[in-house]
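Q: Structure in structure tokens, see below.
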Amino acid sequence: MTMIRTTQIEVPAGVIDFGVGQPANAILPLDLLRQAAEHRFAQRDMALLQYGPEEGDGYFNRALADFLSTEYGEAVQPEGLFVTNGVSQALDLACTLLTKPGDLVLVEEPTYFLVFRIFQDHGLRIESIPLDREGIDLDVLTAKVRRERPAFVYTIPTFQNPTSVTMSQARREALLALSQQYDFPIVADEVYHMLHYTAAPPCPFAHYCDQGSVLSLGTFSKILAPGLRLGWIQASPAMVARFVASGIVQSGGGLSPFVSGIVHSALEGGLQARYLAELRTLYRDRIIRLDQALREQLPPWVEFTTPSGGYFFWLKLPETLDTAALLSQSEAHQVGFRLGNKFTTRPGALTNFIRLCFAYYDSEQLVEGAVRLGEVIR
């Protein structure tokens with residue numbers, strides 16, 4: 001009998017796969033969203049079922065602006081927001097409007113591995129700029145943009161995927177200055193910015209949107225539920241106008257008007273803020289448990305830094321160790337992880353790194369996964 005799939009990732013029973021970079025079903029807020037939906041339906045507003053404005057429903061954008069103002073600690077104006085079907089669709093639309101085939105885009109190394117396919121779908125050339133503990137290497141980036149202006153620079157500035165590195169405030173300001181000097185946009189993927197578990201990170205790139213060269217991408221996938229496929233672009237009003245004028249947006253009557261109506265109630269009723277606080281507590285506890293377990297179970301020559309936000313641990317193993325062979329052997333121990341070479345376009349690079357995600361499993365499973373991973377590595 002053919003299996004009918006209902007989710008993108010389905011992990012076999014008994015397997016602990018650290019490679020899965022998403023929350024588990026058990027922590028998704030079904031009751032919260034039912035409550036939000038009931039509130040929205042009770043308004044008897046038939047516009048919920050209609051085509052929506054290109055930039056997003058005005059009342060939702062106001063509620064989102066208020067929520068972001070609280071989270072970012074500064075005023076966010078609804079005129080600078082554009083609703084999307086999540087960050088992936090926002091990236092695809094940015095490529096459509098800002099690039100043409102053959103253009104150069106610059107990314108961090110390592111970076112989110114699935115973004116490569118989006119850029120390749122648009123016929124773009126991808127080149128990597130090294131990442132250090134403060135973010136993208138500006139010396140290398142400066143030398144590159146002096147030779148060739150990129151269509152844009154793509155960065156994950158806060159709790160980066162896969163490294164969990166957060167770009168320093170000074171580096172953010174220097175990158176902004178460089179983008180203005182050499183006239184290229186910054187596309188900042190800020191999906192993990194609100195998932196901080198100790199101190200709050202530096203101000204988001206959204207802070208610089210009024211200067212015209214920044215697109216800040218956000219999503220409810222990480223702070224509410226991935227299946228909503230609801231996100232936003234924060235940019236200058238002039239940049240938002242370019243997205244509003246897009247053919248697919250005008251033909252479709254906006255993006256996600258129905259879902260944004262439901263989430264509007266979750267925002268207005270404080271349900272989103274409450275759930276985000278719960279996630280921060282939950283993920284903080286998971287980091288503590290997994291960090292302790294990894295330090296107990298892994299050999300001392302496995303290097304990593306404890307993340308203070310986001311979803312991921314980034315482990316460095318000796319260069320002589322074949323992580324692809326390690327992954328093959330890990331199947332017998334019912335444990336998995338994401339290979340480091342997935343996060344680069346350079347052949348043979350990052351082969352001694354692996355990424356572990358702590359969002360999918362509870363603390364007990366994370367500890368057991370660390371035990372199994374330790375057995376494989378030893």
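Q: Under 6 Å by Cβ, and 6 or more places apart or on different chains, what pairs join a residue from region 203-215 that is within 12 Å of Leu175 (Cβ to Cβ) and modelled with pLDDT under 95 with one that is open to solvent by less than 30 Å² (accessible area, probe 1.4 Å) and not charged (D, E, K, R)?
A: Sorted first by the residue in region 203-215, then by its partner, the pairs are Ser213/Ser179; Ser213/Pro185.
Q: Which condition number does Val15 fail, the rest of (1) touching a residue at least 60 places away in the same chain (Cβ under 8 Å); (2) within 21 Å of the chain's Cα centre (by Cα); (3) within 30 Å of Leu327 (Cα to Cα) being met?
A: (2)
Q: Checking Ile223 against (1) farther than 24 Å from Leu97 by Cβ; (2) open to solvent by 10 Å² or more (accessible area, probe 1.4 Å), only one condition comes out false. Which one?
A: Just one mismatch for Ile223, condition (2).
Q: Looking only at region 24-42, which residues are in a loop (DSSP other than H, G, I, E, B) and at pLDDT 95 or above? So that I can check it myself, show each step before the final result.
A: Start the filter on region 24-42 by keeping residues that are in a loop (DSSP other than H, G, I, E, B), which leaves 24, 28-29.
Leu28, Pro29, listed by residue number.
Q: Something else about it: Restricting to strands (runs of 3 or more DSSP E) lying wholly in region 65-140: which have 1 or more residues that are at negative phi, open to solvent by 10 Å² or more (accessible area, probe 1.4 Å) and free of Cβ contacts under 8 Å to residues at least 40 places away in the same chain?
A: Hits in region 65-140: 125-132.
Q: Tell me which of these Leu33 doesn't satisfy, since it passes every other one: (1) in contact with a helix residue (DSSP H, G or I) (Cβ under 9 Å, 6 or more places away or on another chain); (2) open to solvent by 30 Å² or more (accessible area, probe 1.4 Å); (3) over 27 Å from Ile233 (Cβ atoms); (4) among the hydrophobic types (A, V, I, L, M, F, W, C).
A: So the condition that Leu33 fails would be (3).
Q: Has region 146-161 got any residue that is open to solvent by 20 Å² or more (accessible area, probe 1.4 Å) and among the polar types (S, T, N, Q)?
A: At the first step, the residues of region 146-161 found to be open to solvent by 20 Å² or more (accessible area, probe 1.4 Å) are 146-149.
With the extra rule that they be among the polar types (S, T, N, Q), the set shrinks to none.
No, region 146-161 contains no residue that is open to solvent by 20 Å² or more (accessible area, probe 1.4 Å) and among the polar types (S, T, N, Q).
Q: Filtering region 317-334 down to residues that are over 23 Å from Ala13 (Cα atoms) and either touching a Pro at 6+ places or on another chain (Cβ under 8 Å) or in a loop (DSSP other than H, G, I, E, B) (or both), which residue is least open to solvent (accessible area, probe 1.4 Å)?
A: Here the residue is Leu317.
Listed here are the residues, each with its yes/no results for (1) over 13 Å from Ser265 (Cβ atoms); (2) touching a Cys at 6+ places or on another chain (Cβ under 7 Å).
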residue: Gly14; (1), (2): yes, no
residue: Asp17; (1), (2): yes, no
residue: Gly21; (1), (2): yes, yes
residue: Glu38; (1), (2): no, no
residue: Arg44; (1), (2): yes, no
residue: Ala47; (1), (2): yes, no
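Q: Can you find a residue that is part of a helix (DSSP H, G or I), in contact with a Phe, Trp or Tyr (Cβ under 8 Å, 6 or more places away or on another chain), of a type in the set (Phe, Trp, Tyr) and touching a residue at least 12 places away in the same chain (Cβ under 8 Å) anywhere in region 294-307?
A: No - not one qualifying residue is present in region 294-307.
Q: Could you tell me which residue of region 270-281 is nearest to Glu55 (Cα to Cα), considering only residues that are surrounded by 18 or more Cβ atoms within 10 Å (Cβ to Cβ) and out of contact with any Phe, Trp or Tyr (no Cβ under 8 Å at 6 or more places or on another chain)?
A: Leu271
For (1) over 18 Å from Leu32 (Cβ atoms); (2) open to solvent by less than 60 Å² (accessible area, probe 1.4 Å); (3) of a type in the set (A, V, I, L, M, F, W, C), each residue gets a yes or a no:
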{"position": "Ala200", "(1), (2), (3)": "yes, no, yes"}
{"position": "Ala206", "(1), (2), (3)": "yes, yes, yes"}
{"position": "Ile233", "(1), (2), (3)": "yes, yes, yes"}
{"position": "Ala245", "(1), (2), (3)": "yes, no, yes"}
{"position": "Val249", "(1), (2), (3)": "yes, yes, yes"}
{"position": "Tyr283", "(1), (2), (3)": "no, yes, no"}
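Q: Of the conditions (1) assigned to a loop (DSSP other than H, G, I, E, B); (2) within 25 Å of Thr84 (Cα to Cα), Asp210 fails just one. Which one is it?
A: (1)
Q: Looking only at region 175-193, count every residue that is in a loop (DSSP other than H, G, I, E, B), open to solvent by 10 Å² or more (accessible area, probe 1.4 Å) and more than 15 Å from Val87 (Cα to Cα) and tell me the total.
A: The number of residues fulfilling the criteria is 2.
Q: Okay, next question. Taking the conditions exactly as written (touching a Lys or Arg at 6+ places or on another chain (Cβ under 9 Å) and aliphatic (A, V, I, L, M)), does Val83 satisfy them or not?
A: no
Q: Ok, one more. Based on what the data block shows, is Gly218 under 20 Å from Glu74 (Cα atoms) and not in a helix (DSSP H, G or I)?
A: yes
Q: Can you name every residue in region 251-269 that is assigned to a helix (DSSP H, G or I) and open to solvent by less than 50 Å² (accessible area, probe 1.4 Å)?
A: Result: Gly252, Pro257, Val259, Ser260, Gly261, Ile262, Val263, His264, Ser265, Ala266, Leu267.
The values are calculated or read from the model by the stated rules, or taken from the named source; none is laboratory data. Quick caveat: nothing in here was measured; it's all calculated off a predicted structure. Every residue, glycine among them, receives a Cβ derived from its backbone with ideal geometry; neighbour counts consider all protein chains shown. Areas reflect the complete protein model, heavy atoms only, side chains present, ligands, DNA and RNA absent. Shrake-Rupley method; radii C 1.70, N 1.55, O 1.52, S 1.80 Å.
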